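Peer 1: Mind having a look at this structure? Questions to follow.
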Amino acid sequence: MDTGILLFAHGARDPHWAQPFEAVAARLRTLAPGAVVELAFLEFMAPTLEEAGSRLVTAGCTQVSVVPLFLGAGGHVRKDLPALLQSLAGRHPAVRWNLQPAVGETDEVVQAMAASALRLSLPQAHENMPR
C-alpha cells in the first residue's frame, strides 16, 4: 500500500476527548479502504506525529496526506505542525508528505457545523434530544 493519511489532532489530558477523532479515523478507514490511516496528537496523547508517521512508512506508504483536525489554522497548524513535519520528512526522505489545510476551514465542515448549530438551536430539536 503506498497511500497514507495522517490525521493530526491537538490532544488532551482527558482520554475521552479523543473519541470523536478516533471516530473520524475509523470512518475514514471505511471510506478509503485503499489507504492506511493513522491518527496522531500534538501533545498529551499517543501516538505522536513522528510515531504515527513512522507506522505509515513501515506499512509501505510512499505518499502521505497530513490532515490537521483543527477548526482553524492557528499557531499549531501554521508553525508547530510544519516544523514537526519537516523533521519527519528528514527521517523519511523517500516519502512524499503533503500537508493539507485545517479540516475546519473546508466548506464541508463549515456547512456541517452551521447545520448542527441550527438543529441544536431549534426548540423542537431540544425536546427530542436524549438527556
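Nothing in this text is a laboratory measurement; each read-out follows from the coordinates by a stated rule. None of the values given here were measured: they were computed from a predicted structure. Cβ: placed from backbone, ideal geometry, glycine included. Neighbour counts: every protein chain shown.
Peer 1: Kindly express, to the nearest 10 degrees and within the range 0 to 90, the angle between helix 19-31's C-alpha long axis and the longest C-alpha principal axis of the chain.
Peer 2: Long axis of 19-31 versus the principal axis of the chain: about 70 degrees.
Peer 1: Using a simple charge model, +1 on the beta-carbon of Lys and Arg, -1 on the beta-carbon of Asp and Glu, nothing else, what dipole does region 20-60 show about its Cα centre, in debye to the nearest 20?
Peer 2: I would put it at about 240 debye.
Peer 1: Using the 10 angstrom Cβ neighbour count as an exposure proxy, how do Glu22, Glu108 rank, fewest first?
Peer 2: Glu108, Glu22
Peer 1: Also, I was wondering about something else. Taking the Cα centre of the chain as origin, work out the dipole magnitude from +1 charges on Lys and Arg Cβ and -1 charges on Asp and Glu Cβ, in debye rounded to 20.
Peer 2: With Lys and Arg at +1 and Asp and Glu at -1, about 40 debye.
Peer 1: Once the Cβ-Cβ distance between Gln63 and Ala26 is put in as r, and R0 is 22 Å, what FRET efficiency do you end up with, to the nearest 0.05?
Peer 2: 0.50
Peer 1: Cβ neighbours within 10 Å, averaged per peptide: list 80-93, 61-74 in order, most packed at the top.
Peer 2: Descending mean neighbour count gives 61-74, 80-93.
Peer 1: Taking the highest mean first, how do the peptides 9-19, 95-105, 39-49, 111-121 order by number of other beta carbon atoms within 10 angstrom per residue?
Peer 2: Output ranking for 9-19, 95-105, 39-49, 111-121: 39-49, 95-105, 9-19, 111-121.
Peer 1: Between Glu105 and Ser54, what FRET efficiency comes out of the Förster formula 1/(1 + (r/R0)^6) with R0 = 22 Å and r the beta carbon distance, rounded to 0.05?
Peer 2: Using R0 = 22 Å, I get an efficiency of 0.20.
Peer 1: Roughly what angle does helix 81-91 make with the longest principal axis of the chain, taking Cα atoms, 0 to 90 degrees, to the nearest 10?
Peer 2: 30 degrees
Peer 1: How high is the FRET efficiency from Ser116 to Ala94, r the C-beta distance, R0 41 Å, rounded to 0.05?
Peer 2: So the FRET efficiency works out to roughly 0.50.
Peer 1: Between Lys79 and Trp17, what length comes free when the chain is fully extended (0.36 nm per residue of separation minus the Cα-Cα distance, one decimal in nm)?
Peer 2: Gain in length upon complete extension: 20.0 nm.
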